[in-house]
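Novice: Here you go, one structure.
The values are calculated or read from the model by the stated rules, or taken from the named source; none is laboratory data. Bear in mind that the values here come from a model prediction, so they are computed numbers and not experimental data. So basically every Cβ, Gly included, is an ideal-geometry build from the backbone, and we count neighbours across all protein chains shown. Please note that ligands, DNA and RNA were not included when accessible areas were found on the heavy atoms of the full protein model with its side chains. Shrake-Rupley method; radii C 1.70, N 1.55, O 1.52, S 1.80 Å.
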Amino acid sequence: MAWRGLTAEFLRVPAVTRTYTAACVLTTAAVQLELLSPFQLYFNPHLVFRKFQVWRLITNFLFFGPLGFSFFFNMLFVFHYCRMLEEGSFRGRTADFAFMFLFGGVLMTLLGLLGSLFFLGQALTAMLVYVWSRRSPLVRVNFFGLLTFQAPFLPWALMGFSLLLGNSILVDLLGIVVGHIYYFLEDVFPKQPGGKRLLLTPGFLKLLLDAPEEDPNYLPLPEEQPGPHQPPPQQ
C-alpha cells in the first residue's frame, strides 16, 4: 500500500518535472551501481561531433555527482522549483515549459564551450531558480532557516552557498545568465514598445505535449449535452 501511495503521489507531479527528476535519479543510481561511468556522460565536443556520441548533449545535464550532500541538495532544488514553475506560470503549457528546457540547454551548451564545462545540470538548476524568482518577486524565501529574503535574491544566495562549499561559481553564473536571457526575451521584451515574443514554441511540441484546444465553434450532439435526453421518435 505504501508503494502504491508513493507511486500515485509521483504520478501527480507534472510531466516535465517528473521526467527530468527521474532521469537524474536513475542516471546517478546507474553510476553508483557502476553500470555507467561519469566518463560516458560528460560533455566533450570532440566526442560529440567527431565520434557522434550525441547522448552526451543530454547526459551532462543529468549527473550531479555521486550520492552525497551535493546530489540531494541539487535534487531538492530541481524538484521544488521545477514543479513550482510547471504548476505556476507554466500551468497548462507543458510544451512551453519543455521548450524553455530546450532553449536553456542549447544556450548553456554553446556558452559552456567557452568555459570547458563538462556537467551542466547545476547550471540548469540555477536557470530554473532564476526564472521562478523573477516571476515571483514578492515571495519571501527562508534559506535553510538561516536567512529570509525576497525571491529575486535566491539565485545569488545559491551561488554564494556553492562558493562556501568550495565549488566553482562559473556553472551557477552560467545558469543565471541563461535564465536572465530567457526571462528578458519571454517576459520583458514583448512588453516593450515595438517588442514581440521571439521564443515561439514549435508546433510539434504543442501537438505532443499539450492537450488539444477545444474548437469554440463545435456544437455537441444532443446526446453529448448534459441533462435529460428525449428518446428518438419512433418511425
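Novice: Rounded to the nearest 20 debye, what is the charge dipole size of segment 64-204 about its Cα centre when +1 sits on each Lys and Arg Cβ and -1 on each Asp and Glu Cβ?
Specialist: On the way: 9 positive and 6 negative charges, 67 e Å.
Charge dipole of segment 64-204: 320 debye, to the nearest 20.
Novice: Here is a further query. Compute the length gained on full extension between Asn167 and Leu138: take 0.36 nm times their separation in residues and subtract their Cα-Cα distance, giving the result in nm to one decimal. Display every interim value, and only then the final one.
Specialist: Numbers: separation 29, 0.36 × 29 = 10.44 nm, distance 2.95 nm.
Gain on extension, Asn167 to Leu138, equals 7.5 nm.
Novice: Compute a Gaussian network model of the chain, connecting alpha carbons closer than 10 Å, and tell me which residue from Gln192, Gln32, Gln40 fluctuates the most.
Specialist: Per the Cα network of the chain with a 10 Å cutoff, Gln192 tops the list.
Novice: Sticking with this structure for a sec: Starting with the highest mean, order 121-128, 163-170, 201-208 by the number of other Cβ atoms within 10 Å, averaged over the residues of each peptide.
Specialist: Top of the packing list down: 121-128, 201-208, 163-170.
Novice: Let me ask something else about it. Hey, what do the phi angles of segment 42-59 turn into as Karplus ³J(HN,Hα) couplings, whole Hz, using 6.51/-1.76/1.60 and θ = phi - 60°, x for Gly and Pro?
Specialist: Using θ = phi - 60°, the values come out as 5, 7, 9, x, 4, 6, 6, 9, 9, 9, 6, 8, 5, 4, 5, 5, 9, 5 Hz.
Novice: Right, here's the next one. Suppose the chain between Lys51 and Leu76 were pulled fully straight at 0.36 nm per residue; how much longer would it get relative to their current alpha carbon spacing?
Specialist: Result for the pair: 5.5 nm of gain on full extension.
Novice: Over segment 56-170, average the accessible area per residue using a 1.4 Å probe and give it in Å², no decimals.
Specialist: Dividing the accessible area of segment 56-170 by its residue count gives 47 Å².
Novice: Roughly how far apart, in whole Å, are the Cα centres of segment 33-59 and segment 95-118?
Specialist: First find each Cα centre; the distance between them is then 16 Å.
Novice: How far apart, in nanometres, would the label points at Asp187 and Leu113 be if each is projected 7 angstrom from Cα along the Cα-to-Cβ direction?
Specialist: Placing both labels 7 Å beyond Cα along the Cβ direction yields 3.0 nm.
Novice: Of His46, His80, His180, which has the largest mean-square fluctuation in a 10 Å C-alpha GNM of the chain?
Specialist: His46
Novice: Which entry in (i) 1.05; (ii) 1.25; (iii) 1.44 is this structure's computed Cα Rg over 2.2 N^0.38 Å?
Specialist: It is the value labelled (ii).
Novice: For segment 1-154, with all protein chains present and a 1.4 Å probe, just round the carbon and sulfur fraction of the accessible area to a whole percent.
Specialist: Of all accessible area on segment 1-154, carbon and sulfur atoms account for 70 percent.
Novice: Additional query: Run the dipole for segment 13-144 about the Cα centre, Lys and Arg Cβ at +1, Asp and Glu Cβ at -1, nothing else charged, and hand back the magnitude in debye, nearest 20. Please report the intermediate quantities before stating the final value.
Specialist: On the way: 10 positive and 4 negative charges, 47 e Å.
So the dipole magnitude of segment 13-144 works out to roughly 220 debye.
Novice: Follow-up question, since we're still on this one. Provide, as a two-decimal number, the C-alpha radius of gyration of segment 86-198 over 2.2 N^0.38 Å, N being how many residues it has.
Specialist: 1.11
Novice: Continuing with the same structure: Obtain the nm distance between the two label points defined at Ala29 and Leu208 by a simple spin-label model: each point lies 7 Å from its Cα along the Cα-to-C-beta direction.
Specialist: Using points 7 Å along Cα→Cβ, the separation is 2.4 nm.
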